[in-house]
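A.B. asks: Dumping the structure here so I can ask a few things about it.
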Amino acid sequence: MAFALRKRKSVKRVSPRVLGVLGALTVGASLLTAPQAFAADAPTNAELLKACNWASFCKFRPQSYWGYTGPAHQVGSTAYNCGSQTNQHRIDWSDTTTAGNTVGVSVTAGYKFAEVFEVQVETSYSHSWQNSHTDTESNTLNIPPGSYGWIERGTAKQQAKGWWEIQFRDKYYGHYVWYVYDFQQSGFNSDNPGYGYVTFKDKPMSLSDRGRHC
């Protein structure tokens with residue numbers, strides 16, 4: 001039986017230089033078709049609230065309001081009684097309550113949205129609104145022997161929830177109207193001081209406490 005030898009197909013060799021050119025062309029083409037990175041196409045809620053200063057229309061629409069007691073926290077210094085009898089200690093303290101919101105923008109007089117919010121809440125719920133309030137007092141504690149004492153306070157607070165409508169004369173991020181939903185802000189509750197409290201606390205000193213303070 002006879003076998004015929006098969007002819008090998010000739011293979012074209014491409015020089016490294018040509019391969020480099022082809023690779024560069026391929027990369028260039030992919031760069032032309034790749035999606036480009038753009039800046040954010042929508043403002044943050046914080047940017048929108050700050051824009052109330054220059055927007056053509058800025059309105060807060062309240063949906064709910066409630067009063068409550070803020071978290072317990074120490075006010076003033078801690079007093080130590082290293083003696084063998086119950087002693088009286090006077091503690092002077094000052095406590096400032098500031099407004100806070102879910103957007104995280106500082107509530108100051110420089111921002112128009114703070115004024116708009118205050119007016120709308122007072123009009124809708126007949127409650128005065130204070131963005132900042134400071135209480136200053138002096139209290140006398142009866143501290144048992146070998147103990148330390150302090151003053152704890154829970155502040156009377158109020159909170160309102162609603163949404164914002166902000167309009168612009170010229171397009172802002174591509175739109176004339178923007179909304180901020182589920183906005184909540186807290187503040188001091190001067191109309192219902194009963195929500196707040198001040199308590200006197202004391203606790204026996206440990207050996208390390210005595211070593212540091214007695």
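A.B. asks: Where Lys and Arg each count +1 and Asp and Glu each count -1, what net charge lies around Y80 among other residues with Cβ under 12 Å from its Cβ?
C.D. replies: That works out to +1.
A.B. asks: Restricting everything to alpha-carbon atoms, can you work out Rg to Rh for the stretch 43-179 with a Kirkwood hydrodynamic radius? Present the calculation step by step, with values, prior to reporting the outcome.
C.D. replies: Values: Rg = 21.8 Å, Rh = 18.1 Å.
That ratio equals 1.20.
A.B. asks: Now for a different question. What residues qualify as long-range amide H neighbours of V103, i.e. H under 5 Å apart, gap of 5 or more or another chain, H built at 1.01 Å from N?
C.D. replies: Q184
A.B. asks: Kindly report, to the nearest 10 Å², the accessible surface of F200 as traced by a 1.4 Å probe over protein heavy atoms only.
C.D. replies: Roughly 110 Å² of F200 is accessible to a 1.4 Å probe.
A.B. asks: Could you look at the stretch 133-175 and say what percent of its accessible area is carbon and sulfur, using a 1.4 Å probe and all protein chains?
C.D. replies: On the stretch 133-175, the fraction of accessible area on carbon and sulfur atoms equals 38 percent.
A.B. asks: Hey, got the Cα dimensions of the stretch 103-186 along the principal axes, in Å, largest first?
C.D. replies: 70, 28, 23
A.B. asks: Could you give me the ³J(HN,Hα) list for the stretch 72-79, computed from phi with Karplus coefficients 6.51, -1.76, 1.60 and θ = phi - 60°, whole Hz, x at Gly and Pro?
C.D. replies: Computed from phi, the couplings for the stretch 72-79 are 5, 8, 7, 10, x, 8, 9, 10 Hz.
A.B. asks: Moving on to the next point. Given bins 10 angstrom wide, list per bin the percent of all Cα-Cα distances in the stretch 38-121, short to long.
C.D. replies: The distribution over the stretch 38-121 is 12, 30, 22, 15, 11, 7, 2, 0, given as percents.
A.B. asks: Once amide H atoms are built 1.01 Å from N in the peptide plane, which residues 5 or more positions from G196, or in another chain, come under 5 Å H to H?
C.D. replies: When sequence neighbours closer than 5 places are left aside, the close amide H contacts are A156.
A.B. asks: Using the heavy atoms of the protein chains alone and a 1.4 angstrom probe, what is the accessible area of the stretch 71-214 per residue in square angstrom?
C.D. replies: Heavy-atom SASA per residue in the stretch 71-214 reads 54 Å².
The values are calculated or read from the model by the stated rules, or taken from the named source; none is laboratory data. Note that the structure is a prediction, hence the values are computed from the model and not measured. All Cβ positions, glycine included, derive from the backbone under ideal geometry; neighbour counts span all protein chains shown. Calculation scope for accessible area: heavy atoms of the full protein, side chains included, ligands and nucleic acids excluded. Shrake-Rupley method; radii C 1.70, N 1.55, O 1.52, S 1.80 Å.
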